[in-house]
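Visitor: Got a structure here, written out as structure tokens. Questions coming.
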Amino acid sequence: MTADPQVSVLIPALDEADRIEACLHRLARDFPACELVVADGGSTDGTAELALRWAKVVETGGGRGPLLNAAAEAAAGQTLWVHHVDTVTESAALPQLLRELRRPGVVGGGLTLRFDRRSPGLSYLAWTSNLRARRLGWIFGDQTMFVRRDALEAVGGFPDLPLMEDLEVCRRLRRVGELVVIPAMSTASSRRFDVHGTWPMVAFMQYLKVRHLCGADPAETARRYRAGPGHWDSWRPGHRSSTLASAQRP
């Protein structure tokens, strides 16, 4: 890593001991000039300790919004690049995103999404996600969002939300500049779809987005996400269940 990196990669993590080292090894190999900052949300499996070999580590509570703000505060770069532990990014992404950020008016963007397993449902989801990102500027975490630090600060940082912080920050960023989608691929894990089923999960995520856009309580939306579509209680208004899906991430 350089002493004064132009780009800092922010990696939110929670109990990812079986994946964190492989993720950081790939990032360090493919993007050696970038600073790596892991924000650990209270792991109990040694994730933070394993990450220290490769990255700066900050530990904090809360969901993804607070984790990303803590990572951004600790980072030195003027470009912040969000990367999930279970996502693989093409090495061509870095020069492409830097080139886009040199264009007047561009404040950030994301990569072209695909999944690590092919199926009609996942192909449809990737296509619609890329279309949504290009048309609406709604870029979700699986597309490894990047943003200029000054633009992020202008909109107050990442929203203090346990879920949908990526959607909400994009809505705010579009008020101050353009968000773009670069050709380089972000290969997202299908693990949550494997647990719950592709089409039930696609429908469930649309349901959660509508809840968010209609002003639903963020903590309740996050609880329903963790419960997953396989549990009817996660759809039913007003019901609180402690059942959590086995596939979780911050």
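Visitor: Pick from VAL58, VAL82, VAL195: which residue has the top mean-square fluctuation in a GNM of the chain where Cα pairs under 10 Å get a spring?
Guide: Judging by the Gaussian network model, the answer is VAL195.
Visitor: Oh, and also: For the chain, give the percent of accessible area contributed by carbon and sulfur heavy atoms, probe 1.4 Å, rounded to a whole number.
Guide: 53 percent
Visitor: With no solvent and one equal point scatterer per Cα, compute the Debye intensity ratio I(q)/I(0) for the chain at 0.07, 0.12, 0.14 Å⁻¹ and report its log10, rounded to two decimals.
Guide: -0.21, -0.66, -0.92
Visitor: Still on this structure, I have one more. Please give the net charge around ALA216, taking every other residue with its beta carbon less than 13 angstrom from that of ALA216, where Lys and Arg add +1 and Asp and Glu add -1. Provide the component values of the computation, followed by the final result.
Guide: Details: positive: LYS209, ARG211, ARG223, ARG224; negative: GLU168, ASP217, GLU220.
After counting each charged neighbour, the total is +1.
Visitor: From the square roots a ≥ b ≥ c of the eigenvalues of the alpha-carbon gyration tensor of segment 17-153, which class results: rounded (a/c under 1.5), prolate (a/b over b/c), or oblate? Kindly include the intermediate steps, with their values, before the conclusion.
Guide: Numbers: a/c = 1.63, a/b = 1.23, b/c = 1.32.
Verdict is oblate for segment 17-153.
Visitor: Go ahead and estimate [θ] at 222 nm for the chain from helices alone: -39,500 (n - 2.57) per DSSP H run with n ≥ 4, summed, over the residue count, rounded to 500.
Guide: Values: 10 runs with 100 residues, N = 250.
Mean residue ellipticity, 222 nm, calculated: -11500 deg cm²/dmol.
Visitor: Under a point spin-label approximation (7 Å from Cα along Cα-to-Cβ), what is the ARG99-GLN6 distance to one decimal in nm?
Guide: Using points 7 Å along Cα→Cβ, the separation is 1.3 nm.
Visitor: How would segment 42-122 be classified by its alpha-carbon gyration tensor: rounded, prolate or oblate, with rounded meaning a/c under 1.5 and the a/b versus b/c comparison settling the rest?
Guide: Values: a/c = 1.99, a/b = 1.22, b/c = 1.64.
It comes out oblate by the Cα gyration axes.
Visitor: Could you state the orientation-averaged shadow area of the convex hull built on the Cα atoms of segment 122-169, in nm² to one decimal?
Guide: Working: hull surface 14.9 nm².
Here the figure is 3.7 nm², rounded to one decimal.
Visitor: Ok, one more. If I take every Cα pair under 8 Å that is 6 or more residues apart in the chain, average their sequence separation and divide by the length, what percent do I get for the relative contact order? Intermediate results must be reported in sequence, preceding the final value.
Guide: Details: 478 pairs, mean separation 49.4, N = 250.
Computed over the chain, the figure is 20 percent.
Visitor: Now, a different point. Taking N as the number of residues in segment 110-205, what value does Rg over Cα atoms divided by 2.2 N^0.38 Å take?
Guide: Working: Rg = 13.9 Å, N = 96, 2.2 N^0.38 = 12.5 Å.
Its radius of gyration relative to the 2.2 N^0.38 Å reference: 1.11.
Visitor: Counting Lys and Arg as +1 and Asp and Glu as -1, each charge on the Cβ, what is the dipole of the chain about the Cα centre in debye, to the nearest 20?
Guide: Details: 31 positive and 28 negative charges, 217 e Å.
Using Cβ point charges on Lys, Arg, Asp and Glu, the chain gives about 1040 debye.
Visitor: Which of the peptides 153-164, 42-53 is most tightly packed, and how do the rest follow, judged by the mean count of other Cβ atoms within 10 Å per residue? Write out the running numbers ahead of the final one.
Guide: Working: 153-164: 18.5, 42-53: 16.4.
In descending order of packing, they fall as 153-164, 42-53.
Visitor: Using a 10 angstrom cutoff on alpha carbons, build the Gaussian network for the chain and name the most mobile of ALA219, ALA17, ALA76.
Guide: ALA219
Visitor: Here's another thing I want to ask about it. Quick check: from the Cα gyration tensor, does segment 160-224 come out rounded (a/c under 1.5), prolate or oblate? Please list the in-between numbers first.
Guide: Details: a/c = 2.30, a/b = 1.13, b/c = 2.05.
Oblate.
Visitor: Okay, moving on. At 1.4 Å probe size, put TRP138, TRP199, TRP81 in order of accessible surface, largest to smallest. Write down the numbers at each step before the final one.
Guide: Numbers: TRP138 55, TRP199 140, TRP81 0 Å².
The most accessible residue leads, giving TRP199, TRP138, TRP81.
Visitor: Solvent-accessible area per residue for the chain at a 1.4 Å probe radius, Å²? Mind dumping the intermediate values first?
Guide: Working: 10990 Å² over 250 residues.
About 44 Å² of surface per residue is accessible.
Visitor: If you don't mind, another one. Please give me, ordered by residue number, the trypsin sites (Lys or Arg not before Pro) of segment 165-231 that lie in loop per DSSP and have at most 11 other Cβ atoms within 10 Å. Intermediate results must be reported in sequence, preceding the final value.
Guide: Details: sites: ARG171, ARG172, ARG174, ARG175, ARG191, ARG192, LYS209, ARG211, ARG223, ARG224, ARG226; in loops: ARG174, ARG175.
Listed in order of number, the matching sites are ARG175.
Visitor: Sticking with this structure for a sec: Ordering ASP86, ASP30 by how much accessible area each has at a 1.4 Å probe, largest first, what is the list? Walk me through the intermediate numbers first.
Guide: Working: ASP86 20, ASP30 50 Å².
Order by accessible area, largest first: ASP30, ASP86.
The values are calculated or read from the model by the stated rules, or taken from the named source; none is laboratory data. Predicted, not measured: the structure shown is a model, and the values here were computed from it. A quick note on method: Cβ atoms are made from the backbone with ideal geometry, for glycine too, and the neighbour counts reach across all protein chains shown. In case anyone asks, the SASA skips ligands and DNA or RNA and just uses the protein heavy atoms, side chains included. Shrake-Rupley method; radii C 1.70, N 1.55, O 1.52, S 1.80 Å.
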